[in-house]
Every structure is written in C-alpha cells, then in structure tokens.
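I have placed the structure first, in the form of structure tokens, so that the comments after it can refer back to it.
Nothing in this text is a laboratory measurement; each read-out follows from the coordinates by a stated rule. Treat the numbers as computed from the prediction; the structure is a model and nothing was measured. Positions of Cβ are backbone-derived with ideal geometry, glycine not excepted, and every protein chain shown enters the neighbour counts.
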Amino acid sequence: MKKIIYSLVFSFALVPALVHAQQDPMVSQYMFSGHFVNPGYAGSHEYANITLLGRKQWVGFDGSPLTAYLSFDMPISKKHLGIGALVSNDRIGVTNRTEVTGTASYHLRVGEKAKLSLGLRAGLTYYCAQLTQLTVWDQADQVFTADIKSKFLPIAGAGAYFYTPRFYAGVSIPNIINYKPETLISAGIDNAPHLERHYFGTIGYAFPAGKNVDIKPSLLVKYVPRVPLEVDYNLHVFFYKTLWIGASYRSGDAVVGMVEYQATSNLRIGYAYDLTITRLSNYNSGSHELMLAWDFVKDETIRYKSPRFF
C-alpha cells in the first residue's frame, strides 16, 4: 500500500517536470530566519548571522522530502546595505534540486524606527530526476524512459521587507525566471524543469504581554499558479528573552509545534514537529526539523532591536 500511495503522490504532485505544483523547499521555522523566503531580510539586524537547518518530512514514508539549508547574512557598516548567501538542497523521491545564491539588500529609513528593505538574489540551480529508477505500470510510457538532468541554470529573485522593532511585513518572489517559453521572463533551455514562480507574503507583530513576555502572531501566505493558496497561521510566545514556544496551522496540510532556545549569548537552537492532518497521516509519523543558528553579536542591547525577535 505504501508503494501504491507513493507512486500516486509522486506522479501527481512531486515531479516538477510533469505537473504544476509547489516546488520550493518548505520549512516551518522560517520566522526565525526570514532570509529563507525573502532576500530583503538580509542585513535587517545589526550583526551577522549564520543558520543551518535540516528537515525530514513525512518520517516513515518512502521517498519523503529531505531538505537542508545554510544561510548567512550581515549588514555592511553604516551604508544601509545588507548581503547574504543561501545554499539549499531538496530531495524528494528520485528528484534532487540544489541552489546556490547570493543576496544584496538596500535598507531605506522611512520613519523614526521603521525601514523598508529592497532585496535581490541571484545564483544557480541544478535539478535532476532519476525517472528510470521508478516502477511504472505502463512500460511504454516515454516520460519515464530517460532521466532528467538539467544544466546549472540561472535563477534570480526579489523581495521587499518593511520592519520596525516589533512589526514586519514582506513580499517576495524567490525565483522570477522560469523555463516555460510561453511565459514572461523565461529562458528557453532544452531539457530544463518547468519551475513555477512562487509568491510569498509575510506579516507579524509582537505584543508585550508583561515584563518578560511577548506574544507574536504572524502569517505566511504562499501562492503558486494553479495550486490552492496555502496560509500558515503562527502564534509564538517569547519568555525572558530566552525561550520561544509556538504553534502553527498550515492550511490543508499540518499543525506544527516548535521551540527555540537561546543556549548562549550567540547560539540558538530550534526544533519543530509537523503533524500531518491529511490522509497521508496514515502513512507517516510526522516531520522533524532542527535548526542551529549563530549570531555574531557582542552587544546584547542590540539583539532585541532585530525583527527576528519581534
């Protein structure tokens, strides 16, 4: 039964070259490093940061997604500039996608405590799908007679990010270029995956709820053409500037519990568990996600001016 379910899911949802589906890697702890979804976030705090994240989705399900992220960003002196880099690898079944990008952002002051950041990202992606390793019912189906191996393809994206010490909102398109000749801003490269554009919107605000407690609701909206709109509803509580505890509801997909702990003045450790609420819950035991982050901060007073905290 697991092989049958896997074959159906793979055929109808997980092969970007065959169908239109959400293709960008999905993580749950993006609110602790907005650089994952918006290049405008780079340099939005006053110190450098490096974050490593690993995610194992749908544990116990053959061919389930396995995702890894390495992110770095920092401000550049007092020039209102930010730079960063992002490396990701996403494996789903017989598919493998790797991206390496650099980001740059300009932060414009638009109020006493408010800034608007405009960010760009550019780099390369490599995609392959070993379709010949699949077991198929129709041996004559030409789609599965050869593997897909793309060249290193250029990618470029953009984002806008507005933030204050306690409020943020942003919109982003991580990859503007696609490889469908009939669409705007496309590259006509043979044997390239038809990567769809993904659109992200984020908003969040932290309410003080006591001397040492803050409550932060937030939203993430994800849109991909011809795919149902997906919304993450998040609620986190911040205790004593040390511990985050939160929960999320991902529409039509999962509920998430997460925690982040400030282990030292520089090291943060985060963990998230996703509980699937679709029929796939019968065939997996949830998703696990671990995050390690290092903040290159010396002055603790500037840490809590960052939109990562509020």
Ranking T164, T202 by Cβ neighbours within 10 Å, fewest first, what do you get?
T164, T202
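Taking the Cβ of each residue in F200, F61 as the centre, tally the other Cβ atoms inside 10 Å and list the residues starting with the fewest.
Fewest-to-most Cβ neighbours within 10 Å comes out as F61, F200.
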